[in-house]
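> To start, I am sharing the structure in question, which I have written as structure tokens.
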Amino acid sequence: MKTNQPRNQLRIIAGTWRGRKLGFAPVPGLRPTPDRVRETLFNWLAPVVRGARCLDLYAGSGALGLEAASRGASEVVLVDNDALVARTLQEQVRVLNADQVRVAAVDTGVYLRGPAQPFDVVFLDPPFREQRLQDAIQQLEAGGWLANVAWVYLEAERELKLPLPPNWELYRSKTAGQVGYHLVRRHPPG
């Protein structure tokens, strides 16, 4: 299905900034989560996103974190180490006057080695075929980054087997083209 959306632009689907179009950095390999996938994901998250603390790792276009903020998340942290991406995200935050959103211009692995603060929802969408998903999952679980009951969205190449800790339960899972997208519920260990 073709869209009339210009390249390097995404649309906020719902909430405070519904319909708002935002530009994103023209960085090779940066692929915003498609509208249909985001709509499905946020239908799944509807009961928990309002008032939630959200962490968007490998934020890229900011599509997931900004959608969460638009839908009432109380705090959103967008993490990306690309300087142009981070500057573009900061500009989006400024334009939207999104006081609840903060941009961390740092590598995800470095960020997750810092002082932890538990999040209710985490978006984990690393670059495809770079083997980063397993490390991030381990750091999230071991590092104190997740609330006792937390939701983790995983987006990866369709054929990738999900390396989930024992206390992570696959809640929903779908595919779209070459992409597998999954929502996991994290329970307290034990």
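What follows draws every value from the coordinates through simple rules; no lab data is involved. Bear in mind that the values here come from a model prediction, so they are computed numbers and not experimental data. Here Cβ is always computed from backbone atoms with ideal geometry, including for glycine, and neighbour counts include all displayed protein chains.
> Per q in 0.11, 0.19 1/Å, what log10 I(q)/I(0) does a Debye calculation on the alpha-carbon atoms of the chain return?
-0.43, -1.48
> Further question on the same structure: For segment 92-190, state which GluC sites (Glu not before Pro) are in a DSSP loop and have at most 14 other beta carbons lying within 10 Å of their beta carbon.
Answer by residue number: E130, E159.
> How high is the relative contact order of the chain, in percent, counting Cα pairs under 8 Å that sit 6 or more residues apart?
Values: 372 pairs, mean separation 30.8, N = 190.
Result for the chain is 16 percent.
> What does the charge count around K174 come to, taking other residues whose C-beta lies under 13 Å from its C-beta (Lys +1, Arg +1, Asp -1, Glu -1)? Don't skip to the answer; put the middle values down first.
On the way: positive: R36, R38, R158, R172; negative: E39, E155.
Computed value for this residue: +2.
> What list of ³J(HN,Hα) couplings, whole Hz, do you get for segment 16-33 from phi and the Karplus terms 6.51, -1.76, 1.60, once you set θ to phi - 60° and write x for glycine and proline?
4, 9, 3, x, 5, 9, 10, x, 9, 4, x, 9, x, x, 6, 10, x, 4
> Right, here's the next one. Return the single residue from R11, R71, R20 with maximal mean-square fluctuation; model: Gaussian network over the chain, springs between Cα atoms under 10 Å.
The residue that fluctuates most here is R20.
> A further question on this structure: Looking at segment 34-186, what % of its DSSP beta bridges pair antiparallel, to the nearest 5?
The antiparallel proportion sits near 45 percent.
> Right, next: Want the number for R158 to R185: 0.36 nm per residue separation, take away the alpha-carbon distance, what's left? Walk me through the numbers before you get to the answer.
Working: separation 27, 0.36 × 27 = 9.72 nm, distance 1.97 nm.
Full-extension gain reported as 7.7 nm.
> Now, a different point. Among 43-52, 144-153, 98-107, how do they line up from the highest to the lowest mean number of other beta-carbon atoms within 10 Å?
Details: 43-52: 15.2, 144-153: 19.5, 98-107: 17.3.
For the peptides 43-52, 144-153, 98-107, the packing ranking is 144-153, 98-107, 43-52.
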